[in-house]
Structure formats: structure tokens, C-alpha cells
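*Asks:* Pasting in a structure now, in C-alpha cells, and then I'll have a few things to ask.
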Amino acid sequence: MPLYIDVPLRLLAWLLLAPLLPGVINKVKAWVAGRQGPPVLQLYYDLARLWRKGVVLSTLASPGFIIAPAVAWAAVVTAALMLPLGGAGTAFSFDGDVLLLVYLLALARFCTAWGAMETGSAFEGMGAAREVSFAVLAEIGIITAILTLVVQSGSIALSSMFEPLSGPGAALLAVGLFIILLAENCRVPFDDPNTHLELTMIHEVMVLDHSGPPLAMILHGASVKLLLFAVFLAQAVLPLSELPLMVSVAALTASVLLITVAVGLVESLTARLAFRRVPLLLTIGFLFCLFPLLLTWMGDL
């Protein structure tokens, strides 16, 4: 397929499908609690409503308060476009593009923290400090998981890097990446996206002063990031690239849906951790990614 057609189609898929995931999670949580819950398409309604609203700016905020969410959203969407989609492969790839993926995710986090600091709010500054502190351990786990795939495939290009492990290594990597997915997307037990207590917030407190289109970009970017990590996890442990195109796309879709339901079940059946215990769980996630790396490396000796 020509690049000028492939890239817009992929972009449209990422932008339109990503808001479904938070809706599925909320529906699973409502089902476990015995409630009807909001509709699956609720985030689409919220985004449309926010785009029609104006922006309320703090007197202390500079233009960076508006620029930061836009840059963060663009970084996450660009990172998503770089991921292969099962048998469909990737639209563009080059050696070392996985490093660009990591830096784009780091740029998105930096811009989110930057926008939070722009308001001069002590609460948002506290949330930004917590976000970057926990990100240190989460990013170590991401890099370790990527190193595992690089050693397994012998490639540093996303298009050929996803050669799933076999045996216990695949199970360990799946658990480690799932823990990192929860941390990177500020889900329970690391954070509660539905909390309204400023002193217990991490990500949510950083966006308290955002409104209108910037808040819409933040919410949509968060859903794209959740979909990105779900796709990455599915392809890291399943041989999707080896399947026929339609079967591969169907398997990827089912895997992402299963991961999304699992996130909803975790949020329904577990409580949020105390702050002092968050680094311990992040370290456990890192170790779950480290053991497959050691197994893969020893297997190549």
C-alpha cells in the first residue's frame, strides 16, 4: 500500500479506536460492581464537549501551558504510528527507531509535567514530582523489556524486533509489561484516574487546571498511550507477525481487548497502593522484565 494512504489510515485507526479502551475499562468496573455504568463511548462525548469549550488560563501561565499538551499529544501519536500492527507491519521503519519511540514517550511525560508546573500550583507541582519519580523505575522496566526483544530478534528496528519469547520467558515478560502498562497509564494500583483527593493524586492532579481543548488533548493522548502499551504487550508475547494479515489483525484486536478487560478487573478487585509501596511494585515489574532478558542472553551463549 502506498505510504500516503497507509499512514493516514493508521493515524485514523489510532485516533478513533483509542478512546474505546477507557470506556471498556469503565464498563468492566461497573459490571463487577453490579452497576450499569457510563456508556462505552463516553470519552468520545467528553472529548466533543471539551473541544467546544473555552480555555481558562492562570495569570501565572505562559504560552507553554497551551503548547505542552499539544506537544505531548503529538509525541504519543507519533510513537503509536511507529509501532507495527501484527501482520500489517509498520508504515515506516529504520534501524534504531525503537530508541526514538522511548524518547517520544519521555518527551510526552516531560511536556505533561511542564504544563502542570506552568500554573504555579503547589498541588500540580506535587503531582509532577511524583510522576517523574515513579517514571524512573517504570522507564527502566520498559528499556529492559525492549532489550529482551532486541537480544531475542537481533534487531533494533521495530519492524523486525517483535519475535516473541517461548516458555517461561514469555510469561514473565507479559507480567512485567502489564505492571508497567498500569504504571505508565496511571491505573490502579499505582494511581486512581477517578479520584478527587488532591493529596492522593499523581497524574490527575497534574491536569486539574487544564480545560477545553488542551484537556481534550490530554485525555485523548492518555487513551492513545494506553492503546500503544496494549499493542506493544500483545506483540511482545504473541507471534502475530507470523500469522496471515486478517488473522493477525483479528488476534491483535482480541489481545488488546483482553488486556483492557484485565485492566478493568485489576481496578475492580485491587486497592490502590500506598505511595511508599509503589516503588516496590515497580521494582517487581522491572525484575519480571529482567529475568526474560537473562534467559534470552544465556540462551544465546
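*Asks:* I need the full set of residues from segment 102-115 which are touching a Phe, Trp or Tyr at 6+ places or on another chain (Cβ under 9 Å) and of a type in the set (A, V, I, L, M), in order please.
*Replies:* Answer for segment 102-115, where residues must be touching a Phe, Trp or Tyr at 6+ places or on another chain (Cβ under 9 Å) and of a type in the set (A, V, I, L, M): just 108.
*Asks:* Residue under question is residue 232, and the condition is that it be more than 19 Å from residue 43 (Cβ to Cβ) and within 15 Å of the chain's Cα centre (by Cα); does it hold?
*Replies:* Values: more than 19 Å from residue 43 (Cβ to Cβ): yes; within 15 Å of the chain's Cα centre (by Cα): yes.
Spelling it out, residue 232 is indeed more than 19 Å from residue 43 (Cβ to Cβ) and within 15 Å of the chain's Cα centre (by Cα).
*Asks:* Please determine, by comparing only the residues of segment 98-113 that are buried (at least 18 other Cβ atoms within 10 Å of the Cβ) and in contact (Cβ under 8 Å) with a residue 40 or more places away in the chain, which one is farthest from residue 204 (Cα to Cα).
*Replies:* Among them, the one singled out is 98.
*Asks:* Another one. Scan segment 231-258 for residues that are in a helix (DSSP H, G or I), open to solvent by 20 Å² or more (accessible area, probe 1.4 Å) and not polar (S, T, N, Q) and report the count.
*Replies:* 11
*Asks:* Conditions: (1) under 29 Å from residue 193 (Cβ atoms); (2) open to solvent by less than 30 Å² (accessible area, probe 1.4 Å). Residue 274 meets all but one. Number of the miss?
*Replies:* All conditions are met except number (2).
*Asks:* Quickly run through segment 270-279 and pick out the residues that are assigned to a helix (DSSP H, G or I) and either at pLDDT 95 or above or within 12 Å of residue 183 (Cα to Cα) (or both). Outline the logic, then answer.
*Replies:* Start the filter on segment 270-279 by keeping residues that are assigned to a helix (DSSP H, G or I), which leaves 275-279.
Within segment 270-279, 278, 279 meet the criteria.
*Asks:* If you don't mind, there's one more thing I want to ask. Any residue in segment 256-269 that is in contact (Cβ under 8 Å) with a residue 24 or more places away in the chain sitting within a Cβ distance under 6 Å of a residue that is in a helix (DSSP H, G or I) and open to solvent by 40 Å² or more (accessible area, probe 1.4 Å)? List the pairs, counting only those 6 or more apart or interchain.
*Replies:* If the second residue must be in a helix (DSSP H, G or I) and open to solvent by 40 Å² or more (accessible area, probe 1.4 Å), the pairs left are 268/32.
*Asks:* Checking the condition open to solvent by 30 Å² or more (accessible area, probe 1.4 Å) and either closer than 18 Å to residue 26 by Cβ or small (Gly, Ala, Ser) (or both), which residue from 169, 221, 154, 212 passes?
*Replies:* On the way: 169 fails: open to solvent by 30 Å² or more (accessible area, probe 1.4 Å); 221 fails: open to solvent by 30 Å² or more (accessible area, probe 1.4 Å); 212 fails: open to solvent by 30 Å² or more (accessible area, probe 1.4 Å).
Of the residues listed, the single one that is open to solvent by 30 Å² or more (accessible area, probe 1.4 Å) and either closer than 18 Å to residue 26 by Cβ or small (Gly, Ala, Ser) (or both) is 154.
*Asks:* All but one of (1) more than 30 Å from residue 271 (Cβ to Cβ); (2) in contact (Cβ under 8 Å) with a residue 40 or more places away in the chain hold for residue 153; which doesn't?
*Replies:* Checking residue 153 against (1) more than 30 Å from residue 271 (Cβ to Cβ); (2) in contact (Cβ under 8 Å) with a residue 40 or more places away in the chain, the one that fails is (2).
*Asks:* Moving to a separate point now. Find the residue count for segment 39-77, including only residues that are open to solvent by less than 60 Å² (accessible area, probe 1.4 Å), modelled with pLDDT under 95 and outside any helix (DSSP H, G or I).
*Replies:* Result for segment 39-77: 4.
*Asks:* Another question, if that's okay. Out of the residues in segment 285-298 that are open to solvent by 60 Å² or more (accessible area, probe 1.4 Å) and of a type outside the set (Phe, Trp, Tyr), state the one that is farthest from residue 195 (Cα to Cα).
*Replies:* Of everything passing the filter in segment 285-298, 298 is farthest from residue 195 (Cα to Cα).
*Asks:* Here are the criteria: (1) among the aliphatic types (A, V, I, L, M); (2) in a helix (DSSP H, G or I); (3) open to solvent by 20 Å² or more (accessible area, probe 1.4 Å). Tell me which single one residue 282 does not satisfy.
*Replies:* (3) is the only condition that residue 282 fails.
The values are calculated or read from the model by the stated rules, or taken from the named source; none is laboratory data. Just so it is clear, the structure is predicted and the values come from calculations on it, not from any experiment. Neighbour counts are summed over all protein chains in view; Cβ atoms, including those assigned to glycine, are modelled from backbone coordinates with ideal geometry. These area figures cover heavy atoms from the full protein model, side chains too; ligands, DNA and RNA do not enter into them. Shrake-Rupley method; radii C 1.70, N 1.55, O 1.52, S 1.80 Å.
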